[in-house]
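Structure record follows, encoded as structure tokens.
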Amino acid sequence: SIADLPWELVTTYEDAHFCKPNSEYYAEILERLGAKPQECLHIGNDMEEDLAATDIGIRVVMVDDCLISSPKRSLSTCHFSGSLASVAQWMENNRELAD
């Protein structure tokens, strides 16, 4: 199950100082992980909340099966978009992004 995956960090409302779509939310996560934006990949389905990560340089992949669109954001700013199956295939084909 998803709970069994080796997550390095799971954020909650109780332990975060900001929330999506505030770019400080993503900046705080980077700080906690000791990571740089170019080392990260964010996957989501909400254009306003998830594409906000691009504001600080994080690559974003959008799952468009149940896409929540926003007139404030454009899919042109994401690294890749597609169905959950195509995102999984894209990740398999781009394993070097995890290095």
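What the table shows:
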read-out: Sparse-neighbour loop sites [GluC sites (Glu not before Pro); the chain; at most 15 other C-beta within 10 Å; DSSP]; value: 8, 14
read-out: Burial ordering of 73, 32, 95, 59, fewest other beta-carbon atoms within 10 Å first; value: 95, 32, 59, 73
read-out: For segment 52-99, average projected area of the Cα convex hull in nm²; value: 3.7
read-out: Karplus 3J(HN,Hα) series, Hz, for segment 71-81 with 6.51 cos²θ - 1.76 cosθ + 1.60 (x for Gly, Pro); value: x, 7, 10, 10, 5, 5, 8, 8, 6, 7, 9
read-out: Net dipole in debye of segment 9-98 [+1 Lys, Arg Cβ; -1 Asp, Glu Cβ; about Cα centre; nearest 20]; value: 240
read-out: Taking only Cα atoms of segment 9-98, radius of gyration then Dmax in Å; value: 13.0, 36
read-out: Charge sum, other residues only, whose C-beta stays under 11 Å from residue 16's C-beta, Lys/Arg counted +1 and Asp/Glu -1; value: -2
read-out: Of 17, 42, 79, the one that fluctuates the most in a GNM where the chain has Cα springs shorter than 10 Å; value: 17
read-out: Computed over the chain: relative contact order in percent, which uses C-alpha pairs under 8 Å that are six or more apart; value: 19
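Rule-based calculations on the coordinates, nothing more; no lab input. Just so we're clear, the structure is a prediction, and the values are computed from it rather than from any experiment. No Cβ is skipped: glycine too gets one built from the backbone with ideal geometry, and neighbour counts run over all protein chains shown.
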